[in-house]
Number of protein chains: 2
Amino acid sequence: MNHIEGVLERIDADIDNSTDRLFDLLKIKSISTDPAFKEECRKAAEWLARELSEIGIKSSVRDTTGHPMVVGHSEADASKAGPHVLFYGHYDVQPVDPLELWETDPFEPKIVTKPDGSKIIVARGSADDKGQLLTFVEAARAWIAETGSLPLNVSVIFEGEEESGSPSLDAFLDANSKELSCDLALICDTGMWNEETPAITIMMRGLMGEQIDITASDRDLHSGHFGGAAANPIHILSSILAGLHDKTGKVTLPDFYDGVSEVPETVTAMWDGLGFTTEGFLGPVGLDVPAGENDRTALQQIWSRPTLEINGVWGGYTGAGFKTVIPSKASAKVSCRLVGDQDPEKIRSSLRKYVEDNLPADCSVEFHEHGSSASTHVDYTNPAVDHARNALTEEWGKEAALIGAGGSIPIVGDFKNKLSMDTLLIGFGLEDDQIHSPNEKYNFSSFHKGIRSWARILDALAKA
Amino acid sequence: MNHIEGVLERIDADIDNSTDRLFDLLKIKSISTDPAFKEECRKAAEWLARELSEIGIKSSVRDTTGHPMVVGHSEADASKAGPHVLFYGHYDVQPVDPLELWETDPFEPKIVTKPDGSKIIVARGSADDKGQLLTFVEAARAWIAETGSLPLNVSVIFEGEEESGSPSLDAFLDANSKELSCDLALICDTGMWNEETPAITIMMRGLMGEQIDITASDRDLHSGHFGGAAANPIHILSSILAGLHDKTGKVTLPDFYDGVSEVPETVTAMWDGLGFTTEGFLGPVGLDVPAGENDRTALQQIWSRPTLEINGVWGGYTGAGFKTVIPSKASAKVSCRLVGDQDPEKIRSSLRKYVEDNLPADCSVEFHEHGSSASTHVDYTNPAVDHARNALTEEWGKEAALIGAGGSIPIVGDFKNKLSMDTLLIGFGLEDDQIHSPNEKYNFSSFHKGIRSWARILDALAKA
C-alpha cells in the first residue's frame, strides 16, 4: 500500500499550522553560548519534548552538565522493514549581535514576501537549525496523522550546545550508547546546492577553536607616560595574528597541513559540473577577490582546504571618542576549519607554541579551549545515499548533488566512532540564509518542500 | 610686607575644607569623551565657576559647540607688579572602564592610608586633572582670605574637552584672544620627578589620533561556509597594524621621522643626573623589557622620541563562548606621540595612505580623525622658570628638576601661537597615579604641598 501521496497532501493542508509551530520555537531565545539564556535553552528543549510526545514520539528532556538534550523514540515495531533511523538536530542558536543590523526583532519571527513573490521566514535560528529540524518533525507528524505510525522505527536526539562546541555531547553519547545506537543517522543542518537543486553533503570540515589572551603590563597605562617604552599587547597580538598566514594565503603554523589530502578526481569532476563561480559566491556578500590559498579555487578553499580564521579581536578602548591608553590585555578568538586527517589537538598545540614563541619575555599568555572536531566524510557508497538521493530528486525535479561543505557538524564523527552509524546529511539551507549573521532567514519553500522531502525519504528508506 | 607665611599657615589650617571641596568636584562624572555624560560635564563647569566667583575670581560658564569653558578674572589692579598670569586646567576626566578593576567607586572619592602612613586620594580625576587644578584654586583662595587680594593679576580658563582632543578650544581661543592674552600661562597637569623632587616640564610630546574602520564583506559571514574564500577584516587589520613597526621598534610610515631632532646635550646631561632606571620605571607596572626603538634608552623613548601606539582594537565576536563568524568590519584606534617639528597632519596622511595601499581591492576603509597637536617646548630661558624653580625648591627642600614629558598638553602650543604667551608647566602628579587607569589616585601630599607650592610661586612671580 502506498501512503506517500496522502502524507504529502496532508503536509500541504497543514502547512500553516506547521509554520505556527515553527514560530513558537523561534520565539524562544535559546542562545547557548551566553549563560544569560540558560533558562531559554531549557524552555526550547521542553517545547520539543512536548511536541514530539504529542505526535507519538515519546520524548523527554535529559539533563547534562550544560544545556539539556531531548531524546525520543517512536513505538518500537520489529515488523518494520527499513533501517531504524536516529534523527539529530540542535535547538540552540547563535548570539544575535550586532543587534542594530537586524531589520526585525531576531526573536519575533516574520514572514516576508520578496519582490519575486517568494516568501522567507526571518528570525534567529530560522535556518540554523530550528527551521531545518522541524522539517523532519513535521514530516513525522504527517506520517503518523495519515497512517497511524511512521514507516520505519525512528529515534530523535536534539542538542542544545551545537553553537558552543557541544561540550556535553561526548559524555552523553557514551552514557547512552545502547539507547542511541540505530542503523542510520539523519541530520538536517546543511544546505542545498542552490535554490532549485537539493543536495546530500558527503564531506565536512572539522573545527578547532581557541581564545588567546595576552597580558603585557599589569594595569592599563597612559600612552603619553609609557608610550614607546612599555610593551603594547595589541601590537604583540597584531604581529602574532598577522604572522599566521604567508603571502600566498597558506597557514604558517608548523605541521598545519599534515593529514591534508587531495580530493579524489571522481568527486572534483562532479564539483566541476556544478556551475560554481567565484563571482556568484562572493558577489552577493560584497566581495570579489578569493582571500585564501592563491593556488586553489574558491570552491576548494571552502570545501576541501583547511583554514585559520580570527573570529574576534578586542583590547584597549573601543568606545566612542578616544582614550590614549596602552592596555594591559588584548585578546583574540581563533578557529581552524580542518580537512582530511588533520588532528585538531596537534594544531591547537602548534598554535599555542607559536604564540608563546613570539611573545616578549615580560608578557604572558593564557589560552582557552573552545572545542574541536576532526573533519568528517560520509561513506557515499552506502545504499541509503542513493535512496535518499532519488527521493530528493523526485521532490525537487532536479537531480540531487553530492557536495562538500565548509562548516562542521562534529556529531557525524561521533555517530561513526561511538555508535557505529553512517549519517545522511540532508538540509535545505541556502548560501544567502545569513546564518550566524543579522537577518537570518529560511526560505518558506525550504521549509515546506523540506517537510515533503523528509516524508519521501522516510518512505524510500522504509522500502529499501 | 611679606604675607607668604600667613598664607601658608592658612592653607594648613584649611586643608580639610580644601579636601572636602575636591571631593565635591570629584563626585561629578565629567567624562567628556562619552556623550552620555554631557550634563555632568556642565555640572562640573558650573561648580568651578561658582567656587571661583565666591573667592573673588569672577567667573562664568561659557558655551562652546562641545562642553563649556569656565573663564574668570581677579579684580584688575594695574598697580600689581608681576606678570598677569592665566591659569589653565581641565575639569573633564577619562572614561572609567574596565570598571571591574576599580577597588572603589571611581566617583566616590576616598582617602586611603597606605602602610607607610601616607595618604592618597582615590577617584577618577583625582590626579588628572581635578586634584591638580584645585591646588591653584585653593592657593588663590588662601591668598585672598589672608591678604584680601591676589599678589598679581590672575585669569583662569578651565576646559572640559582635554581628554577628547579639545575640539572646541581653537575656536574659543580665537574668539576670545583679547580677553585671554596675558603675560604668562600656568598649567598644573604634569608630574613631579619623584615623590620628593618637584619638577618643571620643559618639553612635551604632541599627539595625533586616528580611528581606522575596515570593511570586507557587507555582512557577517559563517566561517564554515565562507572561511578560506572570503576576506577577513581582522586578518587585514592585524597585518596592517603589525606592519607599522619594524623589528628594531622603529615606525615604518614613510617620512614619519621628518622633523625629529636630537635633544641638546645640556638637557640630556641634566636627565642623566636624574637617576632614572628602566627597572625603576617599568618594574612597578609588571614589565622589564623596553619595547620601543632598540637604540634608545627608555627615558629617551618616553620623553624625546615619537611613538605610534594602538590604543584600541575590536572586531567580530568578543563575548563569552565562541562564534564562528567572519565579521564584516574590524577597527582600531591609533595614536602617535610626536616630538620636535613632526607635522601631525602629514603623519595622519602618511598613515592613511599606508592603510589604503595595504587594503585588498574588494575591501574599504573609513578614517575618523581624533585630534592632533604638535610637540611643544617651553622656553626655559624665560626668567619666570627660575623664579618658579626657586619657589618649588623652597617648598620641597629639593632642587626642582627641568624634565621632559611623554604626554601632550596641546594648549601650550596654542598659548604660544595664538596668545603669544610662554607657559610654566608645574604639576604634582606621580608615575604611580594610574591616570587613565583604574584606581587613579593623587597623593595627599601632592594636593597639600601643591597648594603651598602655588602660593609660593604666585609670591615669587609677583616679586620678580
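The values are calculated or read from the model by the stated rules, or taken from the named source; none is laboratory data. Please read all numbers here as calculations on a predicted model, not as lab measurements. With ideal geometry, Cβ positions are generated from the backbone for all residues, glycine too; neighbour counts draw on all protein chains shown. The protein model used for the area step is the full one, side chains on, heavy atoms only, and it has no ligands, DNA or RNA in it. Shrake-Rupley method; radii C 1.70, N 1.55, O 1.52, S 1.80 Å.
Across the range A:247-258, rounded Karplus estimates of 3J(HN,Hα) from the backbone phi angles (6.51 cos²θ - 1.76 cosθ + 1.60, θ = phi - 60°) give 5, 8, x, 6, 6, 8, 4, x, 6, 4, 8, 4 Hz, Gly and Pro being marked x.
Using a simple spin-label model with pseudo-atoms 7 Å out from Cα toward Cβ, A:SER364 and A:GLU75 lie 6.3 nm apart. Counting Lys +1, Arg +1, Asp -1, Glu -1, what net charge surrounds B:SER437 among other residues with beta carbon under 11 Å of its beta carbon? Combined, the nearby Lys, Arg, Asp and Glu give -3. Distant-in-sequence amide contacts of A:HIS90, defined by a placed amide H-H separation under 5 Å and a gap of 5 or more residues or a different chain, comprise A:GLU159. 3J(HN,Hα) couplings calculated from phi for the range A:280-287 with the Karplus curve 6.51 cos²θ - 1.76 cosθ + 1.60 (θ = phi - 60°) are, in sequence order, x, 7, 8, x, x, 10, x, 10 Hz; Gly and Pro show x.
Percent of C-alpha pairs per 10 Å bin in the range A:1-135, short distances first: 11, 35, 33, 17, 4, 0.
Using only the alpha-carbon atoms, how far is helix A:444-463 inclined from the longest principal axis of chain A? Give it as 0 to 90 degrees, nearest 10. So the helix axis and the longest Cα principal axis differ by about 60 degrees.
Normalising by the residue count of chain A, find the relative contact order in percent from Cα pairs under 8 Å and 6+ residues apart.
Values: 946 pairs, mean separation 119.4, N = 464.
Reported as a whole number, the value is 26 percent.
In the range A:183-314, the C-alpha radius of gyration followed by the widest Cα-Cα span (Dmax) gives 20.5, 68 angstrom. Comparing each chain alone with all protein chains together (probe 1.4 Å, DNA, RNA and ligands left out), the residues of the range A:323-343 losing at least 30 Å² of accessible area are A:LYS323, A:THR324, A:LYS333, A:ARG337. Restricting the calculation to Cα atoms, the protein assembly as shown yields a radius of gyration followed by a Dmax of 34.1, 121 Å.
Bridging of A:LYS114 to aspartates and glutamates at a Cα separation below 19 Å is possible for A:ASP16, A:GLU103, A:ASP105, A:GLU195, A:GLU196, A:GLU431, A:ASP432, A:ASP433, A:GLU440, once same-chain residues fewer than 8 apart are set aside.
Taking 7 Å steps out from each Cα toward its Cβ at A:ASP183 and A:VAL263 produces label points 3.1 nm apart.
How big is the convex hull of the Cα atoms of the range B:338-430, per residue, in Å³? Intermediate values should be presented prior to the final figure.
Details: hull volume 12.3 nm³, N = 93.
Value for the range B:338-430: 132 Å³ per residue.
Computed from point charges on the beta carbon alone (+1 for Lys and Arg, -1 for Asp and Glu), the dipole magnitude for the protein assembly as shown about its Cα centre is near 320 Debye. The range A:1-65 and the range A:133-184 have Cα centres lying 12 Å from one another.
Computed over the alpha carbons of the range B:106-179, Rg followed by Dmax gives 16.8, 51 Å. Taken one residue at a time, the phi angles of the range B:150-166 give Karplus couplings (6.51, -1.76, 1.60, θ = phi - 60°) of 7, x, 8, 6, 10, 10, 9, 9, 10, 9, x, 9, 5, 7, 10, x, 6 Hz. Gly and Pro are set to x.
Return the carbon/sulfur percentage of the accessible area of chain A, one whole number, probe 1.4 Å, all protein chains in place.
Working: 8360 of 17160 Å².
In chain A, the share of accessible area belonging to carbon and sulfur is 49 percent.
The alpha-carbon atoms of the range B:394-433, seen along their principal axes, cover 36, 24, 13 angstrom, with the largest extent given first. The alpha carbon centroids of the range A:251-303 and the range B:226-297 are separated by 39 Å.
Near the amide H of B:MET203, within less than 5 Å, lie the amide hydrogens of B:VAL378, B:ALA405, all on another chain or at least 5 residues away, with H placed in the peptide plane.
Rounded to the nearest 5, what is the percent of antiparallel bridges among the DSSP beta bridges in the protein assembly as shown? Walk me through the numbers before you get to the answer.
Values: 106 of 148 bridges.
Antiparallel bridges make up about 70 percent of those DSSP assigns within the protein assembly as shown.
Would you mind checking the pairs A:LYS27/A:LYS130; B:LYS178/B:LYS418; A:LYS247/B:LYS323; B:LYS247/B:LYS329; A:LYS250/B:LYS250; B:LYS250/B:LYS346 and listing those with alpha carbons more than 20 angstrom apart?
Details: A:LYS27/A:LYS130 11 Å; B:LYS178/B:LYS418 10 Å; A:LYS247/B:LYS323 26 Å; B:LYS247/B:LYS329 28 Å; A:LYS250/B:LYS250 28 Å; B:LYS250/B:LYS346 18 Å.
Check vs 20 Å cut-off fails for A:LYS247/B:LYS323; B:LYS247/B:LYS329; A:LYS250/B:LYS250.
By the Stokes-Einstein formula, at 0.692 mPa s and 37 °C, chain B with its Kirkwood radius over alpha-carbon pairs has D equal to 139 µm²/s. Near the amide H of A:ILE326, within less than 5 Å, lie the amide hydrogens of A:LEU221, A:HIS222, A:SER223, all on another chain or at least 5 residues away, with H placed in the peptide plane. Along its first, second and third principal axes, ordered by size, the range B:138-243 spans 79, 40, 24 Å in Cα coordinates.
How many Å² of accessible area per residue for chain B, probe 1.4 Å? Each step should come with its number before you reach the end.
Details: 17140 Å² over 464 residues.
Here the per-residue accessible area is 37 Å².
Axis of helix A:233-242 versus longest Cα principal axis of chain A: the two differ by about 60°, to the nearest ten degrees.
Computed from protein heavy atoms with a 1.4 Å probe, the total accessible area buried between A and B is close to 7300 Å².
In chain B, the calculated helix contribution to ellipticity at 222 nm averages -10500 deg cm²/dmol per residue, counting -39,500 (n - 2.57) for every DSSP H run with n ≥ 4. Direction-averaged projected area, Cα convex hull, the range B:254-373: 10.8 nm², rounded to one decimal.
Between the residues A:SER30, A:TRP47, B:LEU274, the greatest Cα displacement towards the positive end of the dipole of the protein assembly as shown, with unit charges on the Cβ of Lys, Arg, Asp and Glu, is found for A:TRP47.
Taking a 31 Å limit on the Cα-Cα distance, which of the listed pairs A:LYS58/A:LYS333; B:LYS38/B:LYS58; B:LYS38/B:LYS353; B:LYS110/B:LYS416 fall beyond it? Walk me through the numbers before you get to the answer.
Details: A:LYS58/A:LYS333 40 Å; B:LYS38/B:LYS58 24 Å; B:LYS38/B:LYS353 35 Å; B:LYS110/B:LYS416 38 Å.
Those over the limit are A:LYS58/A:LYS333; B:LYS38/B:LYS353; B:LYS110/B:LYS416.
Each of the GluC sites (Glu not before Pro) that DSSP puts in a loop and that has at most 15 other Cβ atoms within 10 Å breaks chain B; the longest unbroken stretch is B:263-398. In the complete set of protein chains, residue-level accessible area for B:MET192 is approximately 10 Å², probe 1.4 angstrom.
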